[in-house]
Amino acid sequence: MFEIRAKEKAVQRALLVGAYIQADKKAEAQSLLEELEELVDTLGIPIISRELISYRENHARYLIGAGKAQEIVDRSKELECDVLIFDNELSPSQQRNWEKLAGVTVADRQEIILDIFGARAQTREARIQVDLARMQYSLPRLTRAWSHLGQQGGGIGAKGEGESQLEQDKRKIRLQIDRLKRELGEVRRARATQRKDRKRAPVPNAAIVGYTNVGKSSLLCRLTGADVLVENKLFATLDTTTHKIALPNKQPLLLTDTVGFIRKLPHQLVEAFKATLEEAALADFLIHVLDASQEEVMEFYNTTMRVLTDLGADTKQMLVVFNKVDKVTDPDMVSALRRHFPDAVFVSVQTGEGMDELVERISEFVGRGTMTVELRLPSTRADLLARLHRDGTVREVQYEEEWTRVVATIPNRALDVFAPFLPQPAAAELANVATE
């Protein structure tokens, strides 16, 4: 892989290259190239220049034509660059051809994103997921990574030349991939157990989703007071974190921050991070955060929705939140967004603008999954009353000789626990409500 530690010593001057075919895709290609610059900057690699080029058709050797390829190489030599970074996805053979032609290290967008993920993963689960994605990316590129691939060897008593070093390395990587998949399976089973525990304590859960660097972690920090890493960098947060908050009506809510999405996300990472992104699919509702100050805000919205669709989470109830309204310079842009998203909330996590309205709207979403019931609890079941205080909102309590009469608002999914203590025929009626 394109290791960060190696870059600090060997890579000092980067030339970024973006290539596009259709003329009407130029603006998008320019935006993607600017995003690539942010990604490369996240790795701390100095960027000398950017080149945006158009080409007529895909070429097997360099992706673009040989003439344009030579122009890029000449430009990199003129600027004394020691790395070419393409916004386009390069095949293993194309990457090798470029390195042979240019005589310098060549990387693509996928490799940069994988290196960022590798540097920022903290938990065991995230590290396993990143390692798995990096191994799957590296496997077809081994001939680029090693200089001793032509060597062959055999064991004691072996006949013939034996395995080449390339074959040995590929076999080792395949074994590592199998091991990482097993470890990831164990982590997923552990997460499933944790989710079952959460379901037994029926506290509603909302997942915060959105494009990278839109302020998801800042929002979580603002709402919960949690000490969460907040940086103005792409993929500052990779690990899923969940914190509990109490809404104004004292209803508890679990808020989960998820990894940010990005355009042209390597498919290895989409697969590898499904365990993390499953939080979005299993949440009661989603809080979709967008950066109102970004010109490409609608494209970022569509990118996130495509990933949510792949996860089967696009049908969830969704509260759309436009953050960073304090950075919007064109008021017409906010007006246009309000027309497109009439139910959205516009906030600034930085200044606090709109946060009260956001909390109210979150309370409304939680309320859609709750019901107010009257219960008769045995006086010996203090644990049930404590659970009502913990997981719901207790409205009224009356102590009788053998019973405790309680009026409380509880999550719909807690009905199975408290149904035996509902007055008849309310139990049958509310059971139907819970299954709707």
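One line per residue, one yes/no per condition, for (1) among the aliphatic types (A, V, I, L, M); (2) over 26 Å from the mean Cα position of the chain (by Cα):
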{"residue": "LEU311", "(1), (2)": "yes, no"}
{"residue": "MET333", "(1), (2)": "yes, yes"}
{"residue": "PHE346", "(1), (2)": "no, no"}
{"residue": "PHE365", "(1), (2)": "no, no"}
{"residue": "SER379", "(1), (2)": "no, yes"}
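Total residues in region 77-110 satisfying the condition of being closer than 22 Å to ILE21 by Cβ, in contact with a Lys or Arg (Cβ under 9 Å, 6 or more places away or on another chain) and not hydrophobic (A, V, I, L, M, F, W, C): the figure is 10.
Looking across region 58-76, the residues that are in a helix (DSSP H, G or I), more than 17 Å from ILE47 (Cβ to Cβ) and of a type outside the set (Asp, Glu) come down to ALA66, GLY67, LYS68, ALA69, GLN70, VAL73. Of the set (1) at pLDDT 90 or above; (2) hydroxyl-bearing (Ser, Thr, Tyr); (3) touching a Lys or Arg at 6+ places or on another chain (Cβ under 8 Å), all apply to THR351 but (3). Scanning region 69-116 for residues that are touching a Pro at 6+ places or on another chain (Cβ under 9 Å) and within 23 Å of GLU35 (Cβ to Cβ), we see that the one that is surrounded by the fewest Cβ atoms within 10 Å (Cβ to Cβ) is SER91.
Residues in region 37-51 that are under 19 Å from the mean Cα position of the chain (by Cα) and of a type outside the set (A, V, I, L, M, F, W, C): 2 in all.
Okay, residues lined up against (1) outside any strand (DSSP E or B); (2) surrounded by 15 or more Cβ atoms within 10 Å (Cβ to Cβ); (3) of a type in the set (Gly, Ala, Ser):
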residue: THR351; (1), (2), (3): yes, no, no
residue: GLU364; (1), (2), (3): yes, no, no
residue: THR372; (1), (2), (3): no, no, no
residue: LEU375; (1), (2), (3): no, yes, no
residue: ASP383; (1), (2), (3): yes, no, no
residue: ARG390; (1), (2), (3): yes, no, no
residue: GLU396; (1), (2), (3): no, no, no
residue: GLU401; (1), (2), (3): yes, no, no
residue: ILE410; (1), (2), (3): no, yes, no
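Looking only at residues in region 307-349 that are in a strand (DSSP E or B) and among the polar types (S, T, N, Q), the one that is farthest from SER217 (Cα to Cα) is GLN317.
The condition (being surrounded by fewer than 19 Cβ atoms within 10 Å (Cβ to Cβ) and at pLDDT 80 or above) is satisfied by just one residue among LYS274, LYS233, LYS244, LYS250: LYS244. Taking the conditions (1) surrounded by 15 or more Cβ atoms within 10 Å (Cβ to Cβ); (2) among the β-branched types (Val, Ile, Thr); (3) out of contact with any Lys or Arg (no Cβ under 8 Å at 6 or more places or on another chain) in turn, VAL289 satisfies each one other than (3). One residue stands out among those in region 305-319 that are touching a helix residue (DSSP H, G or I) at 6+ places or on another chain (Cβ under 8 Å) and modelled with pLDDT of 85 or more: the one that is surrounded by the most Cβ atoms within 10 Å (Cβ to Cβ), which is LEU319. Look at (1) modelled with pLDDT of 95 or more; (2) surrounded by fewer than 16 Cβ atoms within 10 Å (Cβ to Cβ) and you find that LYS25 fails only one, number (1). Pairing each residue of region 382-409 that is on the phi < 0 side of the Ramachandran plot with any residue that is part of a loop (DSSP other than H, G, I, E, B) and not hydrophobic (A, V, I, L, M, F, W, C), provided the two are 6+ apart or on different chains, yields C-beta distances under 6 Å for ASP391/PRO202; THR393/ASN249; THR393/LYS250; THR393/GLN251; GLU402/SER379; THR404/SER379; ALA408/GLY392; THR409/GLY392. Listed conditions (1) assigned to a helix (DSSP H, G or I); (2) among the polar types (S, T, N, Q); (3) modelled with pLDDT of 85 or more; (4) closer than 15 Å to PRO266 by Cα are all met by GLN129, apart from (3).
Would you check if PHE346 is at pLDDT below 90 and either under 30 Å from GLU295 (Cα atoms) or in the same structural domain as LEU286 (by TED's automatic domain parsing) (or both)? Spelling it out, it is not the case that PHE346 is at pLDDT below 90 and either under 30 Å from GLU295 (Cα atoms) or in the same structural domain as LEU286 (by TED's automatic domain parsing) (or both). Within region 178-209, restricting attention to residues that are outside any loop (DSSP other than H, G, I, E, B), within 20 Å of ALA313 (Cα to Cα) and touching a helix residue (DSSP H, G or I) at 6+ places or on another chain (Cβ under 6 Å), the residue that is modelled with the lowest pLDDT is ARG188.
Against the numbered list (1) part of a helix (DSSP H, G or I); (2) closer than 16 Å to GLY18 by Cα, GLY118 comes up short only at (2). Being without any contact (Cβ under 8 Å) to a residue 24 or more places away in the chain, within 25 Å of ARG134 (Cβ to Cβ) and among the aliphatic types (A, V, I, L, M), is that true of even one residue in region 6-28? Yes; the residues of region 6-28 include at least one that is without any contact (Cβ under 8 Å) to a residue 24 or more places away in the chain, within 25 Å of ARG134 (Cβ to Cβ) and among the aliphatic types (A, V, I, L, M). Checked against the criteria, ASP82 does not count as touching a helix residue (DSSP H, G or I) at 6+ places or on another chain (Cβ under 6 Å), farther than 20 Å from LEU139 by Cα and touching a residue at least 40 places away in the same chain (Cβ under 8 Å).
Residues being of a type in the set (Ser, Thr, Tyr) and farther than 22 Å from LEU269 by Cβ are represented in region 61-69 by at least one member.
The values are calculated or read from the model by the stated rules, or taken from the named source; none is laboratory data. None of the values given here were measured: they were computed from a predicted structure. Here Cβ is always computed from backbone atoms with ideal geometry, including for glycine, and neighbour counts include all displayed protein chains.
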